Amino acid sequence: MLVNSKISTNAWRQVPFLLRDMVVVQFNTSGGRCMIVNVYNDNNHNKTVEELGQFMGTSIWELRPTEEDHVLWIGDFNRHHPLWDEDRNNHLFTTAALEASGKLLELVANYGMIQALQKGIPMLQSTSMRNWTRPDNVFCTEHTSGFVVSCKTAPEERGPKTDHIPILTTLDLSTPASSEDPTWNYHSIDWDKFRTSLNDTLTNLVGPPQILETCAEFQVATRNFDEALWHTVEATVPKSRPHPHTKRWWTKDLTKTTDELKGLHKTAYKYRALPEHAVHAQVREKENTLSKEIQKTKEDHWKDWLNDMAGTDIWIAHKYISNPGGDGGKTRIPTLQGVNPEGQTIQVTTNEEKSKILAQALFPPPPGITTVPADYLYPEPAEKWTEITRDQLIRAINNLSPYKAPGPDGIANIVFQ
């Protein structure tokens, strides 16, 4: 389950749940709390549905303390029933299937839930028989339906080699947005322009090179240099907002093929009752084409990158290989457990509270009574401090990474010429 990074992390929390087939997230919205339960129920048992019932029974007053709060159950319930499946799929309404669906409907009735996605909208196409069914569903509390702007499927967003169609549910509920500032894009900088601008700014602020004889002169020169450096960065370095899921191997040709496949998926869904229609064969052909193009593009990109890499790229390649795989999402500190001044165990959810409890755990206060004698004589230091030489400074500056410092070279010449 992914949560948009534009939503403030103070506005939502993940509710602990033991089963891996169910994820519970609670949002703080303009219309009260909104709990979303993402469910996957195996087709061979009702264990997840039973756990959902137990969870709601023990946690309902904590997660929905007022009648204005909202609850949504979404996901793949793997159950067939005339209340949501198309009537033509009556061969699926066996006694065992209706009995299994009855347990889900009993939960729906007990907690005042209603079906947000209307009956007869399929979202799964069997890969073998090509038949359309409805194993996925969206349930919400009755008063939440007044906040549902739309609840529909998006056949055009169906990915290649997949059988499920996304369900898009729009709620008229707002959440606080996170403030994310753009970052400096040192990869796209014009270094000649940067050095020229820095040299001009240093001439105006610092003046010509001179020997610094006192500590006060050194401090003034340091502040002026820092100010000149930041003025130059703000004037010449572009800013960017990289998307967390950007694929560096993606090309415009793949975008074009993907857009064509979206159009075919939308048309094929419209003619799903006509299995012999030519558009279904076109979809399969375009899916195979896109799948092969993606595989070939990824292979070509990474082979070219490995063949052309040099210098620090070796360490980047090692990082890619050694790090565990992920979805590219941002990390977030989960709900923490702490103890308040009264000694009671509490759940910490906001970023400010998490910062305080982490600071207390990582940086505890010093002991009230020290074991070091008052007049303790410390031994002489093993090595005395020595002044940093000009050569050491030049060596350190020249060894800086070009994408972490303003300029791969030239700064040493400007400062120490």
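Just so it is clear, none of the values below were taken in a lab; they were calculated from the coordinates. Predicted model, so just to flag it, every value in this text is computed and none were measured. FYI the Cβ positions are ideal-geometry reconstructions off the backbone, even for glycines, and counts take in every protein chain you see.
Measuring how big segment 9-171 is from its alpha-carbon positions, Rg and Dmax come out at 15.9, 48 Å. Scanning the chain for long hydrophobic helices, with DSSP H runs required to stretch 18 angstrom or more by C-alpha along their axis and to average at least 0.5 on the Kyte-Doolittle scale, returns 95-110. If you take all C-alpha pairs in segment 216-348, what percent of them are over 20 Å apart? Within segment 216-348, distances greater than 20 Å cover 74 percent of Cα pairs. Cβ crowding within 10 Å ranks 37, 233 as 233, 37, fewest other Cβ atoms first. Among 165, 114, 60, the largest mean-square fluctuation in a Gaussian network model of the chain, built with springs joining Cα atoms closer than 10 Å, belongs to 60.
Tell me the net charge near residue 183. Cut-off is 9 Å between Cβ atoms, residue 183 excluded, with +1 for each Lys or Arg and -1 for each Asp or Glu.
+1
Over all orientations, segment 1-79 has a Cα convex hull whose mean projected area works out to 5.6 square nanometres. Considering only 139, 363, 17, the mean-square fluctuation computed in a Gaussian network model of the chain, springs between alpha carbons under 10 angstrom, is largest for 363.
Estimate the FRET efficiency between residue 300 and residue 340 by the formula 1/(1 + (r/R0)^6), using the beta-carbon distance for r and 60 Å for R0, to the nearest 0.05. Calculated value: 0.55. A straight line joining the Cα centroids of segment 229-273 and segment 12-86 runs 32 Å.
Extension gain, residue 285 to residue 378: 0.36 nm times the residue separation minus the Cα-Cα distance gives 25.5 nm.
For the chain, set up a GNM with springs between Cα atoms under 10 Å and report which of 236, 29, 335 has the largest fluctuation. Greatest mean-square fluctuation among the candidates belongs to 236. Rounded, prolate or oblate, given the Cα gyration tensor of the chain, with a/c below 1.5 counting as rounded? The shape class here is oblate. Applying a DSSP loop filter and a limit of 13 other Cβ atoms within 10 Å to the trypsin sites (Lys or Arg not before Pro) in segment 181-280 leaves 247, 248.
Stretched out straight at 0.36 nm per residue, the stretch from residue 62 to residue 267 would grow longer than its current Cα-Cα span by 69.3 nm. The helix-only estimate of mean residue ellipticity at 222 nm for the chain, built from DSSP H runs of length n ≥ 4 each weighted as -39500 (n - 2.57), is -12500 deg cm²/dmol after division by the residue total.
Please report the projected area of segment 252-322's Cα convex hull averaged over all directions, in nm².
Its Cα hull, projected and averaged over all orientations, spans 6.4 nm².
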